[in-house]
Amino acid sequence: MSDLQLTELIERYLAGDLSNEEKERFEALRKENAAVDSRITEHAHFTGLIKQYGERVELEKRLNAIHQEIDVDTLVQELTVHPTLIVRLWRNHHSKISVAASIAVFAILSTLYFTGRFNKTTASNYTALSRKIESVRRTAENAQRTNQALLNSLKPGHRVTNPGTTGGSGFALTQSGYIVTAFHVVNNADSLYVQNALGESYHAKLIYTEPTRDIAIIKIDDKEFTGLDKLPYNFKRTKLDVGEEVITLGFPRDDPYYAKGYISSATGLEGDTAAYQVSLPVYAGISGGPLLDTKGNVIGIISGKQTRTESAAFAVKSSYIFKAAQNVSTDSTQNVIALKPNKAAKSALAGLSRTQQIKKLESYVFMVKVYN
Amino acid sequence: MSKALNSSAPTDSEVVFGILNNSENILKRVYVAYFPMVLQLIINNNGTADDAKDVYQEAIIVLYNKVKSGNFELSSKLKTFLYSVCRKLWLKRLSQMSRYGGDVKDFQDHLPVEDEADLHSERDIQFTKMEGALKQLGEPCKTIIEDFYIHDLSMQEICERFGYTNADNAKTQKYKCLQRLKKLFFQQEQRDQ
């Protein structure tokens, strides 16, 4: 039997076209010959595949025909999820946006860096209250003062007419002419003069500095200086409570300036325990001035103010004056500052009216004039 | 949107009976009813409307064959079934095109339909081979094979169409054509492996 005949037989067998007799013979052949059997299976499978393929093609045609009738474009319009404008912008331009953002960040950081924002100093927040004397004003005053100098040269305690490059305030520690002021006032000074409320100027020299506490001690060494009367105020070692009333006297200009306020915090800028925060209207030039309580006890030295806040000043606590005085005494044999807290004795200022207090204080508070 | 779709959609059992009875109307209605759902899935997941058409038609074919083979059970909604098959097929295509971003944005519930999708793609490969083999076969063999094995024409009819003088010649010709088709088909299989 040829392969052609066998194939025909198989096809007829599968289609059920064989007569009973033929079918029996064929099934017998299939049983005894495994090759024939596998041929049948294979043929059935392959022709089945052709048939299925045909059906698939047919079905696809039908589906395509149906698909033709659908308005796909309109559906696409309807069904596209439109992301919000921002999301679309981001998708289309994210690389550009990223570049721009990094440039912006870089620019901000470098600006901050070059403007010194990253220097951790509090300088931007803190203004030392030493006085810069403007050259314009100086020349104007010079003219005026030359005349005065002639007149005043006759008086004892000669007046020095040059107001100095910078200035501040200071106050007497002892009768012998030791004066305490703020370190930043006398920093870099070539020569120092102090001037009292009467306008009398004396030459002074720097004795001691303590930059970390912003304290300096100077001494009047002038032949004209004959010493002071007994100090009207005491030095108080203990701390004052928040809310206590305080006064100050200083020289932001040529005449003494008085201000009243209160302790607003027991610590200074950024929690500095060496200082008080004081609510006082202050001006440049008042640095180094005394801070007193109402009973006439010195409780601190005015040192600076907060830049961005009105009337928030800082004062170094008086306990550091004691320490400085002690350091001066131990450092040298020449300079002895005996500063004792005089708890028992009332200060001479206690009980006086404010105007009287100020009148008395005036003689012991000095304008510190710095030449450099 | 879904409300409008559902109103025109045939019920699930209608669809099953419609496919079994070769109802053109039901096929059309089910096709039109669920196409927007699949279109929405595809175009919002990096696909085009044409991709949606391909994927959806494949899913309809899967459904069709499943119903025809008699093992379609309405264990889930027909809609969910179609969506799941499309989703699976689309994921597969995305990964083939390496456009797959990790996840698809879903719009419907879906089921795991691994078997259906795998079975379908396996059969698809066979059909692609058959298509290629038939193309290479050339005329008149291609038409003879198609007429006899697909369109179920008798040898007598084929004889007449092709003008063979006797049925034996036609049979011989058909036999030779089938042998060549098998050869081409399995050659392709080997080539693919």
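Okay, here's what the table says:
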{"item": "Helices (runs of 4 or more DSSP H) wholly inside the range A:1-92 containing at least 2 residues that are exposed (fewer than 11 other Cβ atoms within 10 Å of the Cβ) and within 14 Å of chain B (Cβ to nearest Cβ)", "result": "A:3-15, A:34-68, A:72-79"}
{"item": "B:Asp168 outside the structural domain of B:Val15 (by TED's automatic domain parsing) and at pLDDT below 85", "result": "yes"}
{"item": "Selection count, the range B:100-145, where residues are within 18 Å of the chain's Cα centre (by Cα) and of a type outside the set (A, V, I, L, M)", "result": "15"}
{"item": "Unique match (being at pLDDT below 80 and part of a helix (DSSP H, G or I)) among B:Asp147, B:Asp118, B:Asp109", "result": "B:Asp118"}
{"item": "Where a residue in the range A:80-106 is within 30 Å of B:Ala52 (Cβ to Cβ) and its partner, wherever it lies, is part of a helix (DSSP H, G or I) and at pLDDT below 90, with Cβ under 6 Å and at least six apart", "result": "A:Thr80/B:Ile43"}
{"item": "Residue check for A:Ser318: buried (at least 17 other Cβ atoms within 10 Å of the Cβ), modelled with pLDDT under 80 and at negative phi", "result": "no"}
{"item": "Qualifying position, being in a helix (DSSP H, G or I), in contact with an Asp or Glu (Cβ under 7 Å, 6 or more places away or on another chain) and either more than 13 Å from chain A (Cβ to nearest Cβ) or surrounded by fewer than 22 Cβ atoms within 10 Å (Cβ to Cβ) (or both), among B:Val85, B:Val32, B:Val62, B:Val67", "result": "B:Val85"}
{"item": "Output for the range A:252-282, where each listed residue is within 14 Å of A:Ile301 (Cβ to Cβ) and touching a residue at least 40 places away in the same chain (Cβ under 8 Å)", "result": "A:Gly268, A:Asp272, A:Ala274, A:Ala275, A:Tyr276, A:Val282"}
{"item": "Which listed residue is more than 27 Å from B:Lys28 (Cα to Cα), within 14 Å of chain A (Cβ to nearest Cβ), among the charged types (D, E, K, R) and assigned to a helix (DSSP H, G or I), from B:Lys142, B:Lys53", "result": "B:Lys142"}
{"item": "Residue pairs meeting the criteria (Cβ under 8 Å; at least 6 apart or on separate chains; first within 14 Å of another protein chain (Cβ to nearest Cβ), in the range B:102-130; second part of a loop (DSSP other than H, G, I, E, B) and modelled with pLDDT under 75)", "result": "B:Lys105/A:Val81"}
{"item": "Residue list for the range B:13-28, filter: more than 9 Å from every other protein chain (Cβ to nearest Cβ) and of a type outside the set (S, T, N, Q)", "result": "B:Glu14, B:Val15, B:Val16, B:Phe17, B:Gly18, B:Ile19, B:Leu20, B:Ile26"}
{"item": "Answer residue from the range B:35-44, given it is touching a residue at least 24 places away in the same chain (Cβ under 8 Å) and facing chain A (nearest Cβ under 7 Å) and is farthest from A:His67 (Cα to Cα) among those", "result": "B:Asn44"}
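Residue-wise test of (1) farther than 20 Å from A:Phe251 by Cα; (2) modelled with pLDDT under 80; (3) in the same structural domain as A:Lys230 (by TED's automatic domain parsing).
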site: A:Ser98; (1), (2), (3): yes, no, no
site: A:Ala101; (1), (2), (3): yes, no, no
site: A:Arg138; (1), (2), (3): no, yes, yes
site: A:Ala149; (1), (2), (3): yes, yes, yes
site: A:Ser153; (1), (2), (3): yes, yes, yes
site: A:His158; (1), (2), (3): no, yes, yes
site: A:Ala182; (1), (2), (3): no, no, yes
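The values are calculated or read from the model by the stated rules, or taken from the named source; none is laboratory data. This one's a predicted model, so the numbers in the text were calculated from it and none came from an experiment. Neighbour counts run over all protein chains shown; Cβ positions are idealised from the backbone, glycine included.
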